[in-house]
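To start, the structure under review is shown below, and the notes come after it.
Each value in this text was obtained by applying a stated rule to the coordinates, not by laboratory testing. Note that the coordinates shown come from a computational prediction; the quantities given were computed from them, not determined experimentally. Positions of Cβ are backbone-derived with ideal geometry, glycine not excepted, and every protein chain shown enters the neighbour counts.
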């Protein structure tokens, strides 16, 4: 497909991935029509602060906006908010939106994101039970997110723990219920999970690990959570952070290849060459991990997808991919993560947990594959550079705190 | 409120009026100043909002904090007047601030 043929780009999904794509197409010199379709009322905004500064009340929605709303008209990006794409006609290259309107495309970008999993429990629809994905979700929580309120967080992933941290800082009573025997079980090592468990416990968060919620209790509104072992926990507010599922409905409808996300090649192209998929909804080969296919839920992945697609559609220089990166803020702890830790067989530490500043380096054989750095930005950035450039350092060298990280990275092969 | 001038590597100037409390990074992003990507939105996680503060302003913008210093250690073309613009808060005292953007972010 040559760029000369592409006059109309439609992007379904106006989260960070979709918003960045529109912006970067224009920055890359694309002159044709861009239509950006989103279900939410707002222009694209950043989600990470929702469970941090936005929940705390430090940021308002304007501050979360990727770009001011006026930029879209200035840059001739047709932003259709509160609009859902419902049907793709691949043969005739058209998208039908809710209400029946049909929009033609030359290239289509699916950035549909992910939907938070609902609690599969009786009472999950009671007033006071909330999911946590959109600004509207957080706004709905706010009135009862006050000092002294009893909050139960279900799910001890990053969202759940970030919400717990903000809640403690605002004086709520917090219990975290997690079905696994440790927090962050899906996303980090037992060692780092243990550190965060200790930290939250010290901050006054109560944990029920290996706990199975059976029922959300309440008449008109939530009053508590019953567990399968018979325990009952009182609650004024329940927030579920039990993961997301990729929004692949429209991709499945039109017969694209889907396997835990819309499957693409490394250029984010789906099984239809005129359709791309990026962000939380898409799975693509990871260039730094032998082409293993992964679906990442992160700002990094949203932005990378936007850069890759914009480069392809504008015929620009191919984007050189960064190693995956993530972050989480809890209390005064800044966790910065580079790489993908899955499949590690060894972990080496730089610094000690007691100092609340340390980094865990994950290895698969001799190869450094990921780092979790807590209040250790140099270790984070250094490891990210090593992974990006396919270099490594032996654990014994990494553990030598007498040499600064920068020097170690320079010496790596 | 402060008037801030961003100068791209090729000399192109962007003058922006920004409210107090925003960061120098946010003001640039909101006005689509090219060369400040700020992928992480100001969480000090990506080091893509590197700027050079004009020397006469250095006392007013303050020094690099320790997290910022560590991040800049790994950035390209770092100079003594390098800052991450997400770590500079706008106030009346910064009215007239001039920052330059490094070549590597172009």
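Worth pointing out:
- Between residue A:209 and residue A:92, the contour length at 0.36 nm per residue exceeds the alpha carbon distance by 36.9 nm.
- Entry note, chain A: relative contact order of 14 percent, from Cα contacts under 8 Å with a spacing of 6+ residues.
- For the pair residue A:290 and residue A:320 in one chain, pulling the backbone fully straight at 0.36 nm per residue adds 9.2 nm over the alpha carbon distance.
- Mean separation of Cα contacts under 8 Å, 6 or more apart, over the residue count of the range B:2-105: relative contact order %: 43 percent
- Modelled label positions at residue A:101 and residue B:69, each set 7 Å beyond Cα in the direction of Cβ, lie 5.5 nm from each other.
- Cα-only Debye scattering, the range A:177-224: base-10 log of I(q)/I(0) at q = 0.25, 0.27, 0.29, 0.32 Å⁻¹: -0.91, -0.98, -1.05, -1.15
- The calculated FRET efficiency for residue B:5 paired with residue A:70, based on their beta-carbon distance and R0 = 25 Å, is about 0.75.
- Computed label-point distance, nm, for sites residue A:342 and residue A:60 using a 7 Å Cα→Cβ extension: 4.1 nm
- Viscosity 1.306 mPa s, 10 °C: Kirkwood-radius Stokes-Einstein D of the range A:302-413 over Cα pairs, µm²/s: 107 µm²/s
- Residue-averaged 222 nm ellipticity for chain B, from DSSP H runs of 4+ at -39500 (n - 2.57), nearest 500: -4000 deg cm²/dmol
- For chain A, the mean residue ellipticity at 222 nm estimated from helices alone is -7000 deg cm²/dmol, where every DSSP H run of n ≥ 4 contributes -39500 (n - 2.57) and the total is divided by all residues, rounded to the nearest 500.
- Euclidean distance between Cα centres, the range A:194-209 to the range A:351-369, Å: 21 Å
- Shape category assigned to chain B from the gyration tensor of Cα positions, a/c cut at 1.5: rounded
- Computed extension gain for residue A:180 through residue A:252, at 0.36 nm per residue and net of the alpha carbon distance, reaches 22.8 nm.
- FRET E, pair residue B:103, residue A:352, Förster distance 51 Å, beta-carbon r, rounded to 0.05: 0.85
- Our summary gives the range A:1-89 a relative contact order of 34 percent, counting only alpha carbon pairs under 8 angstrom and 6 or more residues apart.
- When you work out D = kT/(6 pi eta Rh) for the protein assembly as shown at 10 °C and 1.306 mPa s, using the Kirkwood radius from C-alpha pairs as Rh and the Stokes-Einstein form, the result is 66 µm²/s.
- Across A:189, A:51, A:70, mean-square fluctuation computed from a Gaussian network of chain A (C-alpha pairs under 10 Å connected) peaks at A:70.
- Scaled radius of gyration (Cα, divided by 2.2 N^0.38 Å) that the range A:118-242 gives: 0.97
- Highest mean packing first, where packing is the average number of other Cβ atoms within 10 Å per residue, the peptides A:349-356, A:226-233 line up as A:349-356, A:226-233.
- Placing a pseudo-label 7 Å from each Cα along the Cα-to-Cβ vector at residue A:390 and residue A:229 gives an inter-label distance of 4.9 nm.
- Euclidean distance between Cα centres, the range A:235-287 to the range B:85-106, Å: 37 Å
- Averaged over peptide B:44-55, the number of partner chain Cβ atoms lying within 10 Å of each residue's Cβ comes to 3.
- Modelled FRET efficiency - R0 30 Å, residue A:221 with residue A:81, Cβ distances, 0.05 increments: 0.50
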